[in-house]
Amino acid sequence: MTAHDSIAIARLPGAFALSRRRFLGTLGAGVSLAALPGCRALGGTPDQAGAEALLDEIAWTYIEHSPTTATGLGIDTGDKAYLRGQLSDASPAGQDALAASLREELAKVRTLDRDGLAPATRTSLDVVESCYATALDGFALPYGDVAVGSWRNAPYVVIQNVGAYLDYPRFISTDQPVENAADAEAYLARLAAIPRVLDGELERMRAATDMGVLPPDFLLAKAIPQMEASITDCTASGAYVSGLASKTAEIPGAWQQRAEAIVTGQIAPALTRQLEELKRQAGLAGSDAGMWARPQGEEWYRWALRASTTTSRSPEEIHELGRETLATIHARMDQLLRPLGYTEGGAGERMLELAKDPRFQFAEGDEGRAQIMDFVQQRIDWIRAQMPRAFERLVEAEVEVRRLPPAEEPGAPTAYGGSGSIDGTIPPRMWINLRTTDLHRRYDLPTLVHHETIPGHAWEGTYSNQLPLIRSILAFNAFSEGWALYAEQLALELGAYDGNPAWELGYLQDQAYRAVRLVVDTGMHAKRWTRQQAIDFFRKEVGKGVEETTNEIDRYCSWPGQACGYMVGKLEILAQRERAMAALGEAYDLRGFNQAVVEGGNAPLDVLAKNVERYIESAKG
């Protein structure tokens with residue numbers, strides 16, 4: 001993992017175990033500590049206490065390599081306040097140090113005697129073992145970014161949607177807390193550390209270029225103007241400077257002037273050095289989209305698929321799964337499209353026609369952006385009111401909806417979201433891409449809301465905030481994205497689209513979106529599809545505009561395998577639900593199943609199966 005991979009993570013500190021117990025104690029007499037996976041026993045055996053101490057040690061060791069994680073968690077306070085002014089080491093030496101740390105901690109986990117430990121603690125150890133072993137396999141590859149317990153494995157250190165040049169302006173200007181002069185100094189310290197991060201990335205960029213690991217030319221064509229925009233922002237007192245200026249309005253000191261000196265005198269030149277390397281790459285790059293065209297690319301892609309799906313499925317198996325799932329979804333879409341008068345062509349082609357219907361479009365420009373923000377908030381309010389029907393224990397998840405920074409929008413997805421910090425200083429957020437209002441329709445926004453907010457990422461992540469620190473840090477793409485897709489279906493089952501067949505079509509189109517990902521991701525990286533083949537297939541089978549389709553395909557080129565975790569994870573959650581229904585019969589309860597899954601925590605899919613097994617045994621009495 002690089003310095004910026006963990007920026008968006010916001011979790012509960014394991015060091016605040018007593019506060020966590022007090023928090024859980026307020027949930028009501030009907031909820032016991034033993035019922036909540038990951039919670040500590042108040043009087044465990046020495047082995048149990050030792051295992052818990054090891055898990056905390058592992059978490060803090062990792063945080064030392066990724067200080068921004070502490071800020072996202074809200075735990076860079078007290079004797080950990082020094083972390084607030086630090087950034088990770090993105091250089092090759094920094095990556096080697098992180099890998100060595102993971103190797104050492106993995107050895108401790110593997111030698112620990114787990115007999116007699118609480119089931120939740122054994123689960124946490126299983127999660128760490130799986131995650132660290134997979135990450136170390138990634139570090140053994142000769143290039144790329146390795147997401148340790150995150151979702152963004154990338155072969156290219158800096159590209160249109162990867163790099164500190166994108167992540168830090170949003171994180172530091174928005175999430176970096178500044179309440180006093182010491183905080184302002186920490187803000188400046190992080191600004192001063194950014195050039196070292198950028199130069200660490202640059203060292204790895206140059207090494208990759210020299211070994212022939214070049215991004216495709218069409219990705220560089222996006223990354224170069226984005227880097228130029230970042231440089232312009234730095235020289236024009238942009239996000240870094242305005243972020244500190246707004247936060248220090250009541251704090252005496254020359255904060256803005258000091259920030260400007262760092263940003264213009266140090267950060268902008270470091271970005272310019274990266275820009276020069278991107279241009280060097282552009283002069284050497286070809287147009288092949290897939291990892292098959294890169295050195296050791298087939299090996300790299302198989303690892304990326306394993307990391308993303310937490311399964312050992314081959315590219316061929318995932319490709320066929322995508323085609324089969326897509327056929328099932330299209331059959332249901334046909335049933336809804338025909339009564340609306342759309343009878344000719346494939347489902348995706350008919351959805352393109354539906355997208356032209358002015359009833360489902362938003363106005364252009366700022367007027368439409370305001371309409372979108374209002375629509376999103378209405379859907380959040382509705383779905384939150386339905387949660388007592390789907391869960392036994394509710395969380396707050398007061399979601400804040402924000403527009404993505406315009407500089408980030410060209411290479412970003414339509415939206416993304418996640419949970420906030422447990423102390424409330426960073427709320428759960430949904431970031432939405434409003435580069436153009438044509439990215440959104442009234443029939444597809446409801447599903448986007450359920451995916452990113454409730455009962456999707458923001459909702460599930462808020463439960464994860466209550467787990468031990470290491471479990472709160474480690475997140476697995478197949479679970480988190482699989483849950484978010486399952487959340488879309490759960491919203492359907494709760495009546496989110498009742499009376500609005502077009503909204504259900506939007507839901508089904510999004511499901512087709514994720515099934516197609518299995519096909520085009522493996523198509524490009526393993527079956528040697530061209531970028532245009534992938535764009536044409538995606539557009540025809542899903543029915544999205546050229547701009548959105550192209551951005552999606554380019555994302556799959558820079559994050560190989562990542563998009564495959566969504567549907568693989570959802571199908572596994574549904575399979576586990578079918579298993580629970582079959583095993584429990586009349587004793588099955590949707591609320592109980594959902595609670596077991598979210599409170600079992602973000603985990604590899606085999607660990608999820610173990611959590612469901614415990615739920616079944618408990619429900620049987």
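Laid out as a table, the results:
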| read-out | value |
| --- | --- |
| Verdict on Ser312 being small (Gly, Ala, Ser) and without any contact (Cβ under 8 Å) to a residue 12 or more places away in the chain | yes |
| Single residue of segment 451-477 satisfying the filter (more than 19 Å from Ile380 (Cβ to Cβ) and not in a helix (DSSP H, G or I)) that is modelled with the lowest pLDDT | Gln466 |
| The listed residue being touching a Cys at 6+ places or on another chain (Cβ under 9 Å) and either over 25 Å from Arg196 (Cα atoms) or in a helix (DSSP H, G or I) (or both), out of Ala207, Ala245, Ala249, Ala289 | Ala289 |
| Wholly within segment 313-390, helices (runs of 4 or more DSSP H) carrying at least 3 residues that are at pLDDT below 95 and not hydroxyl-bearing (Ser, Thr, Tyr) | 347-355 |
| Residue in segment 292-312 that is surrounded by the fewest Cβ atoms within 10 Å (Cβ to Cβ), counting only those that are of a type in the set (Gly, Ala, Ser) and outside any loop (DSSP other than H, G, I, E, B) | Ala293 |
| Residues of segment 127-146 satisfying the condition of being closer than 26 Å to Pro225 by Cα and out of contact with any Lys or Arg (no Cβ under 8 Å at 6 or more places or on another chain) | Gly144, Val146 |
| Criterion violated by Arg152 - all others in (1) part of a helix (DSSP H, G or I); (2) under 21 Å from the mean Cα position of the chain (by Cα); (3) among the charged types (D, E, K, R) satisfied | (1) |
| Selection within segment 533-554 - crowded, with 22+ Cβ neighbours inside 10 Å and more than 24 Å from the chain's Cα centre (by Cα) | Glu541, Gly543 |
| Residue tally, condition out of contact with any helix residue (DSSP H, G or I) (no Cβ under 6 Å at 6 or more places or on another chain) and either of a type in the set (Val, Ile, Thr) or touching a residue at least 40 places away in the same chain (Cβ under 8 Å) (or both), over segment 600-613 | 3 |
| Segments classed as helices (runs of 4 or more DSSP H), wholly inside segment 536-621, with at least 3 members that are in the same structural domain as Arg350 (by TED's automatic domain parsing) | 546-558 |
| Selection within segment 499-514 - hydrophobic (A, V, I, L, M, F, W, C) and farther than 19 Å from Thr550 by Cβ | Ala502, Trp503, Leu505, Leu508 |
| Qualifying residue in segment 158-171 (condition: in contact with a strand residue (DSSP E or B) (Cβ under 8 Å, 6 or more places away or on another chain) and assigned by TED's automatic domain parsing to the domain that holds Leu278) | yes |
| Segment 187-235: number of residues that are surrounded by fewer than 22 Cβ atoms within 10 Å (Cβ to Cβ) and among the β-branched types (Val, Ile, Thr) | 5 |
| Where Gly600 falls short, out of the listed (1) within 19 Å of His457 (Cβ to Cβ); (2) crowded, with 17+ Cβ neighbours inside 10 Å; (3) at pLDDT 95 or above | (3) |
| Residue among Lys80, Lys108 that alone is in contact (Cβ under 8 Å) with a residue 40 or more places away in the chain, part of a helix (DSSP H, G or I) and either assigned by TED's automatic domain parsing to the domain that holds Tyr168 or more than 19 Å from Phe171 (Cβ to Cβ) (or both) | Lys108 |
| Single condition His319 does not satisfy, out of (1) crowded, with 19+ Cβ neighbours inside 10 Å; (2) farther than 27 Å from Val546 by Cβ; (3) touching a Leu at 6+ places or on another chain (Cβ under 7 Å); (4) not basic (Lys, Arg) | (2) |
| Condition met for Gly506 (free of Cβ contacts under 8 Å to residues at least 24 places away in the same chain and not acidic (Asp, Glu)) | no |
| Among the residues listed as Ser230, Ser246, Ser242, the single one being within 20 Å of Ala186 (Cα to Cα), touching a residue at least 12 places away in the same chain (Cβ under 8 Å) and assigned by TED's automatic domain parsing to the domain that holds Arg196 | Ser242 |
| Any chance Ala261 is in contact with a helix residue (DSSP H, G or I) (Cβ under 7 Å, 6 or more places away or on another chain), free of Cβ contacts under 8 Å to residues at least 40 places away in the same chain and assigned to a helix (DSSP H, G or I) | no |
| Output for segment 110-128, where each listed residue is closer than 26 Å to Trp300 by Cα and either at pLDDT 95 or above or of a type outside the set (Asp, Glu) (or both) | Arg110, Val127, Val128 |
| Any chance Met567 is farther than 30 Å from Arg338 by Cβ and at pLDDT 95 or above | no |
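So that you can scan it fast, the table gives a plain yes or no per residue for (1) in contact with an Asp or Glu (Cβ under 8 Å, 6 or more places away or on another chain); (2) over 16 Å from Gln361 (Cα atoms); (3) crowded, with 24+ Cβ neighbours inside 10 Å; (4) in the same structural domain as Arg369 (by TED's automatic domain parsing):
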{"position": "Pro427", "(1), (2), (3), (4)": "yes, yes, no, yes"}
{"position": "Leu439", "(1), (2), (3), (4)": "yes, no, no, yes"}
{"position": "Val449", "(1), (2), (3), (4)": "no, yes, yes, yes"}
{"position": "Ala491", "(1), (2), (3), (4)": "no, yes, yes, no"}
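Here's the yes/no breakdown for (1) within 17 Å of Gln256 (Cβ to Cβ); (2) in the same structural domain as Trp255 (by TED's automatic domain parsing); (3) aliphatic (A, V, I, L, M); (4) more than 23 Å from the chain's Cα centre (by Cα):
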| site | (1), (2), (3), (4) |
| --- | --- |
| Ser173 | yes, yes, no, no |
| Val178 | yes, yes, yes, yes |
| Asp199 | no, yes, no, yes |
| Leu202 | no, yes, yes, yes |
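The values are calculated or read from the model by the stated rules, or taken from the named source; none is laboratory data. Here the structure is a predicted model, which means the values were calculated and not measured. We place every Cβ from the backbone using ideal geometry, glycine too, and count neighbours over all the protein chains shown.
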